[in-house]
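Report on one structure; see the data block that follows.
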């Protein structure tokens, strides 16, 4: 009876339960820190990111260096990198069969 | 000789910056280094009372900066440690009466004679914070396992990085191992994951720290205090020693589990 009680929940189960106050604190903090960091995002960082991402894409695609947009956007509690890049000419490998 | 200047900061007040500064200073002095601790919390000085030196103040940091005394006259020797000095903050002025450049110049002079300068930073992210981080080559961020302290730590880490104080190291203060085990307190891995920084040390919540501070003695001098042992390890790591983190897991023998299930919270620790 006692041993059954002792085996019922291991310390790790208790510590990692999704409904305990530690898990709640962690989830709340994760969201709050993301929001804070998003609010403090500097335009310079986004510009740097845009330049690097565009350079990476250019290794695979012939892109229009004039027509592109990039931003980090928040939707509810998620964050998205939204990019729009015009392809100058579609490469042959992209054609289906 | 060229000493190293380290700022102890946190963003949030009341997480243990001043206690940490006093104990790191004492810890490095116990290891044979020449150390100065500097209170930059102008208007709200406290490092002097924490170290038990409040009755010895004649001149302060602002007096030294404004030339009313020699730098050496603003330095108070510790009661126990011959090679540990305090430069107290001014109590009747405010944070805007000195600049980061002035404090940096003062620290450059001290770095010629001392191995370590430890700067106790005021709470907040305004002028006092800017002054305190100005002279530093390294930064230590103190937090507790609470949502408010961790959030402020994240903000401060961002500001330190922006000021090119890269790779600040984190001290998590007032950990309660029993609560961590019960799933009622964030543990060190949670905090490291959230803040993405390196850990410098873990300090357990400890009644002995309160009684030591009541007497104006840094708890590192109390050989029985777990928090004192934790600070000794932190000082060793700052000094370049590779010491493992303190194991703050509560003992988990059969009787402890029975006690736990019965709801009796015993804060016993094991440590290497």
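The values are calculated or read from the model by the stated rules, or taken from the named source; none is laboratory data. Keep in mind that what you see is a predicted model, and the values were worked out from it rather than measured. As a convention, Cβ positions derive from the backbone with ideal geometry for all residues, glycine included, and neighbour counts pool all protein chains shown.
Give A:7, A:22 a once-over and let me know the one that is out of contact with any strand residue (DSSP E or B) (no Cβ under 7 Å at 6 or more places or on another chain) and modelled with pLDDT of 90 or more.
On the way: A:7 fails: modelled with pLDDT of 90 or more.
It is A:22.
Which pairs have Cβ atoms under 6 Å, sit 6 or more apart or on different chains, and link a residue in the stretch B:159-174 that is more than 17 Å from residue B:192 (Cβ to Cβ) to one that is assigned to a strand (DSSP E or B)?
Listed by first residue and then by second, the contacts come to B:165/B:139.
For the stretch B:237-244, state whether one or more residues are away from chain A (no Cβ under 14 Å), at pLDDT 95 or above, assigned to a loop (DSSP other than H, G, I, E, B) and crowded, with 18+ Cβ neighbours inside 10 Å.
Scanning the stretch B:237-244, I find no residue that is away from chain A (no Cβ under 14 Å), at pLDDT 95 or above, assigned to a loop (DSSP other than H, G, I, E, B) and crowded, with 18+ Cβ neighbours inside 10 Å, so the answer is no.
Examine the stretch A:60-68 for a residue that is free of Cβ contacts under 8 Å to residues at least 40 places away in the same chain and either under 24 Å from residue B:195 (Cβ atoms) or under 19 Å from the mean Cα position of the chain (by Cα) (or both), and state whether such a residue exists. Working first, answer last.
If we filter the stretch A:60-68 for residues that are free of Cβ contacts under 8 Å to residues at least 40 places away in the same chain, which is where we start, we get A:60-68.
Checking the rest, the ones that are also either under 24 Å from residue B:195 (Cβ atoms) or under 19 Å from the mean Cα position of the chain (by Cα) (or both) come to none.
So far as the stretch A:60-68 goes, no, none of its residues is free of Cβ contacts under 8 Å to residues at least 40 places away in the same chain and either under 24 Å from residue B:195 (Cβ atoms) or under 19 Å from the mean Cα position of the chain (by Cα) (or both).
Among the residues of the stretch A:9-27, count how many are at the interface with chain B (Cβ under 7 Å from one of its Cβ atoms) and either farther than 12 Å from residue B:190 by Cα or not in a helix (DSSP H, G or I) (or both).
5
Considering the stretch B:54-70 alone, what residues qualify as being surrounded by 20 or more Cβ atoms within 10 Å (Cβ to Cβ) and under 25 Å from residue B:214 (Cβ atoms)?
B:60
So which residues in the stretch B:142-158 are crowded, with 18+ Cβ neighbours inside 10 Å and within 14 Å of chain A (Cβ to nearest Cβ)? Give the steps one after another, and end with the answer.
Start the filter on the stretch B:142-158 by keeping residues that are crowded, with 18+ Cβ neighbours inside 10 Å, which leaves B:142-145, B:149-154, B:156-157.
B:143, B:144, B:145, B:149, B:150, B:151, B:152, B:153, B:154, B:156, B:157, listed by residue number.
As an exercise: evaluate residue A:89 against (1) surrounded by 10 or more Cβ atoms within 10 Å (Cβ to Cβ); (2) touching a residue at least 24 places away in the same chain (Cβ under 8 Å) and give the number of the one condition it does not meet.
Of the numbered conditions (1) surrounded by 10 or more Cβ atoms within 10 Å (Cβ to Cβ); (2) touching a residue at least 24 places away in the same chain (Cβ under 8 Å), the odd one out for residue A:89 is (1).
Can you tell me which residue among B:188, B:224, B:181 is in contact (Cβ under 8 Å) with a residue 12 or more places away in the chain, surrounded by fewer than 20 Cβ atoms within 10 Å (Cβ to Cβ) and within 14 Å of another protein chain (Cβ to nearest Cβ)?
Numbers: B:224 fails: within 14 Å of another protein chain (Cβ to nearest Cβ); B:181 fails: surrounded by fewer than 20 Cβ atoms within 10 Å (Cβ to Cβ).
Answer to the check: B:188.
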